[in-house]
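The values are calculated or read from the model by the stated rules, or taken from the named source; none is laboratory data. Quantities reported herein were computed from a predicted structural model and do not represent experimental measurements. Backbone-built Cβ (ideal geometry, glycine too); neighbour counts: all protein chains shown. With ligands, DNA and RNA removed, areas are computed over all heavy atoms of the protein, side chains included. Shrake-Rupley method; radii C 1.70, N 1.55, O 1.52, S 1.80 Å.
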Amino acid sequence: MKLGSLKEGGRDGTLIVVSRDLTRAVRATGIAATLQQALEDWSNLAPRLNALYEALNDGSAAEAFELEMEALAAPLPRAYEFVDGSAYLPHVARVRKARGAEVPESFYTDPLMYQATSAGFHGPRDAVKVVSEDYGIDLEAEIVVITDDVPMAVSAEQAAGHIQLVGLVNDVSLRNLIPGELAKGFGFLQSKPRSALSPVFVTPDELGDAWRDCKVHLPLLTHVNGQWFGAPEAGVDMQFNFAQLVAHAAKTRPLSAGAIVGSGTIANEDTALGASCFAELRTVEALRDGKPSTPFMSFGDTVRIEMLDRDGNSIFGAIEQRIEQAHGA
């Protein structure tokens, strides 16, 4: 099934069930007011939500309405936790090679992950507001999974059973702020503003045979200013699958229902498939030409991130955003 949230009913939005073709929806408030509420009682509420989904798709759902993407908040407008991995090591290897460093052996057995911003997510049509272009504005096209309650110290096999939804994220980065922050040895803060989530999250069964081995085996398509930017294969070159990432995040603490776990920037060994962030593209240019030639994003630029099934149908809907200047208080 496909689930989203309307920009109504407070900070956490109003839960809706969305049709498979993303054209119609129905409020699910008779089952759960918000997606967070549904995830906290998933085993009981998911079958009821799925029955509503089936009714919506066969035309029998009462009070269905035409879906307008501009009316959507992020499916989870805020979450208790967002942890983001870096599971595609070709990206890591290229970035390190560009600065003359090797990939430590531990990176192949112990996932990279950090605690990301989760207090608020942009909706799929909301602008990305940044104070200055000098910050080095970058997109990051990624896949996320959303869990129910995950006990501490689960195995990867156990973690797989706690993955309930899949979605996309534009994990916005401010690249020129990152080096100074990492040099402090205490991780990201100002360099990682709010991210944007796809119009809907879907249950893994919606992906059909593209969901296997806890990976999504489809390309993730990105356009910038209407021009093709990249379509790397998400199921290729992923060193750690989502079950392993969830287990890693839960090693020393449980994860609350509604936890979001990100894949990191999608990247392949084959650079002909394009990039999912400007940092990746600039690294490829630096390795090829001795220096990067493509600038980071500017005010007025637009980004579109989407995943299509094998028949060309949008699965999650598209994240479509414009980069705009933010003004201080």
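Of the residues screened, S132 is not one that is within 25 Å of E320 (Cα to Cα), at pLDDT below 95 and surrounded by fewer than 23 Cβ atoms within 10 Å (Cβ to Cβ).
Residues being out of contact with any strand residue (DSSP E or B) (no Cβ under 7 Å at 6 or more places or on another chain) and assigned to a helix (DSSP H, G or I) are represented in the stretch 148-156 by at least one member.
Here E324 clears all of (1) surrounded by 15 or more Cβ atoms within 10 Å (Cβ to Cβ); (2) out of contact with any Pro (no Cβ under 7 Å at 6 or more places or on another chain) except the condition numbered (1). Which ones in the stretch 274-324 are outside any loop (DSSP other than H, G, I, E, B) and basic (K, R)? Scanning the stretch 274-324 gives R282, R288, R304, R322.
A Cβ distance below 7 Å, combined with a sequence gap of six or more or placement on separate chains, defines the contacts here; from the stretch 226-254, residues that are under 18 Å from L139 (Cβ atoms) and assigned to a strand (DSSP E or B) reach residues that are at pLDDT 95 or above and open to solvent by less than 10 Å² (accessible area, probe 1.4 Å) in the pairs F229/T222; F229/A275; G230/T222; G230/A275; G230/S276. Being out of contact with any strand residue (DSSP E or B) (no Cβ under 6 Å at 6 or more places or on another chain) and either in a helix (DSSP H, G or I) or within 30 Å of E133 (Cβ to Cβ) (or both) holds for only one residue in E181, E269, and it is E181.
Residues in the stretch 62-72 that are in contact (Cβ under 8 Å) with a residue 40 or more places away in the chain and more than 21 Å from Q164 (Cβ to Cβ) were compared, and the one that is most open to solvent (accessible area, probe 1.4 Å) is E66. Restricting the stretch 10-50 to residues that are within 28 Å of L308 (Cβ to Cβ) and of a type in the set (K, R), the residue that is surrounded by the fewest Cβ atoms within 10 Å (Cβ to Cβ) is R20.
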